[in-house]
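Presented below is the structure to which this report refers.
The values are calculated or read from the model by the stated rules, or taken from the named source; none is laboratory data. Predicted model only: the values in this text are computed from it and were never measured. Here the Cβ positions follow ideal geometry from the backbone for every residue, glycine too, while neighbour counts run over all protein chains shown. Please note that ligands, DNA and RNA were not included when accessible areas were found on the heavy atoms of the full protein model with its side chains. Shrake-Rupley method; radii C 1.70, N 1.55, O 1.52, S 1.80 Å.
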Amino acid sequence: MSVTVSSPAVRSFHVSRSPHKTIYRPRVIMSAVRSTDRLGVAPILTKLQKDCATPLPVLRHVADAMADDMRAGLAVDGGSDLKMILSYVDTLPTGNEKGLFYALDLGGTNFRVLRVQLGGKEERVVATEFEQVSIPPELMFATSEELFDFIASALGKFAQKEGGNFELQQGRTREIGFTFSFPVRQTSIRTGILIKWTKGFAVSGTAGKDVVACLNEAMESRGMDMQVSALVNDTVGTLAGARYWDDDAMVAVILGTGTNACYVERVDAIPKLTKRMSKSPITIVNTEWGAFSNGLPLTEFDREMDAESINPGEQASIIDSKCENFFSSYTWYHTVSSWSFLLSYFLMKIFEKTISGMYLGEIVRRVLVKMAKVGGLFGGSYVPEKLVTPFVLRTPDICAMQQDTSRDLEAVESVLYDVAGVKSDLSARKTVVDICDTIAKRGGRLAGAGIVGILQKMEEDSKGLIFGKRTVVAMDGGLYEHYPQYRGYLQEAVTELLGSEISKNVVIEHSKDGSGIGAALLAAANSKYEHDY
């Protein structure tokens, strides 16, 4: 596999068992810790656990409300918090696809190009190859023509390296599945009007234009024999990738830095779809479930964070479920302005702020700040200056602390000191682990309730065709992949809500990096050429 990466230094999600090497010396002198200094910690922790509690009645309410909001969003645009966006993907991969197809995944400062050779039912995926390319910072503020010309150039260079097991059928144009993770108003499988750039992009001349046409024109001007056959988002790509291997795949969920879910819907269950685009009885609906807000157990820390996420003059800054490399591979750039970028996040995405990786670490940090100031967690009113920096404590950090099984919680001590500048004793470290578990447990269980809500809606409309047979939920994203406690709490909630018998039919499977190959598979399934199989 060919891999070309050019990107700024990043920190990976993967949990390290060894102590951090970077040493930060707090400029605060810590006084001796007395047991009486911590009298305020227990009440704060007790209230946090109570406010974050997700007993079965709460989970059931969330699942029911999710199903109700889905129906309201399908009835009319703006009918609920859930946008229920039509993907126009009504032809899914079957495994019969043959030929060479490409994918372009643009969702942040890096984009990825991929090619796949498909061999039909017998050979399936013959070969895959990809490269990752960094977008020069100046192009994030350039013209539309300059940005798409750069992308087309990189795609063309990648295509020139074609060889070995990759072979284009004679007389065919190379077809691309285009994963575009910015807000668009999609009007067909091959067209999408850009609403606005997000994630730090300020490219001129693209808003209001078809992004597929922009890319096709750039490739044409370079004389490239390539054309976009499918425009999708990463969640839809994940479902398509899972469906290629398993006909029972009906739902896909991204749980990384951001989150989203999509599912296979019956066309006759979408009242707002007044004009049929094809004869297919099904289509994929993108729920945009991060905006869900009904009946969620929230804390004072959630409300404070949400209130501070308003960006003056730009209140509705929308961030898709895949932002920068962090969104897909769970990495994060440590720059001075990182946290200010995060604070521009769309105010109304309450569900996303309780279950996604971007926020879990920040919620824990806010709890620690209060415990330090009011409860004397680290001795007196000692609060290291690094700890008061928003988003300095990341979800990979709280995951690493929860994996610590050492007697003295040495990994917890290391993370607190290296990342947040905190000196801690064993008692404080145990409290920190309890906080991490509380926030991760709420997130995982609410995500599980959301999944059940989707399945419940599908079950009710299909009159028993979902829970009565094997149904696969494809999962992708670094949070789900790398945080075992979170993953366990999610499965636990699904089992509690569905019961032991029905839950046996619901298979939650990890579909690692399914969105990339999924886009290429959708290009194949929606090829302009007649299938010869």
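Karplus-derived 3J(HN,Hα) values for region 52-69, using 6.51 cos²θ - 1.76 cosθ + 1.60 with θ = phi - 60°, are 8, 4, 10, x, 3, x, 5, 4, 5, 5, 4, 4, 4, 5, 4, 4, 5, 5 Hz; glycine and proline are entered as x. Of the residues Ala103, Leu147, Thr191, the one whose Cα sits farthest towards the positive end of the charge dipole of region 95-206 is Thr191 (charges of +1 on Lys and Arg Cβ, -1 on Asp and Glu Cβ, taken about the Cα centre).
Can you compute the FRET efficiency between Asp425 and Asp225 using 1/(1 + (r/R0)^6), with r the Cβ-Cβ distance and R0 = 60 Å? Round to the nearest 0.05. Intermediate values should be presented prior to the final figure.
Working: r = 66 Å, r/R0 = 1.10.
The computed FRET efficiency comes out at 0.35.
Computed from the Cβ-Cβ distance with R0 of 30 Å, the FRET efficiency linking Ser188 to Arg470 stands at 0.40. Surface exposure of region 143-297, expressed per residue as accessible area with a 1.4 Å probe, stands at 38 Å². For the peptides 375-385, 434-444, residues were scored by their other Cβ atoms within 10 Å and the scores averaged per peptide; the highest-first order is 434-444, 375-385. Region 461-533 and region 178-240 have Cα centres spaced 25 Å apart.
For region 381-427, the Cβ-based charge dipole about the Cα centre amounts to some 140 debye (Lys, Arg positive; Asp, Glu negative; other atoms uncharged). The Tyr529 and Lys272 beta-carbon pair, evaluated with R₀ = 51 Å, returns a calculated FRET efficiency of approximately 0.95. Evaluating 6.51 cos²θ - 1.76 cosθ + 1.60 at θ = phi - 60° for every residue in region 263-271, the Karplus couplings come out as 7, 7, 10, 6, 4, 6, 9, 10, x Hz, glycine and proline recorded as x. Listed peptides 411-418, 215-222 appear in the order 411-418, 215-222 once ranked by packing, highest mean of other Cβ atoms within 10 Å at the front.
Using the Cα centre of region 357-492 as the reference point, and only Cβ charges (+1 on K/R, -1 on D/E), how large is the resulting charge dipole? Debye, rounded to the nearest 20.
Values: 18 positive and 17 negative charges, 71 e Å.
My answer is approximately 340 debye.
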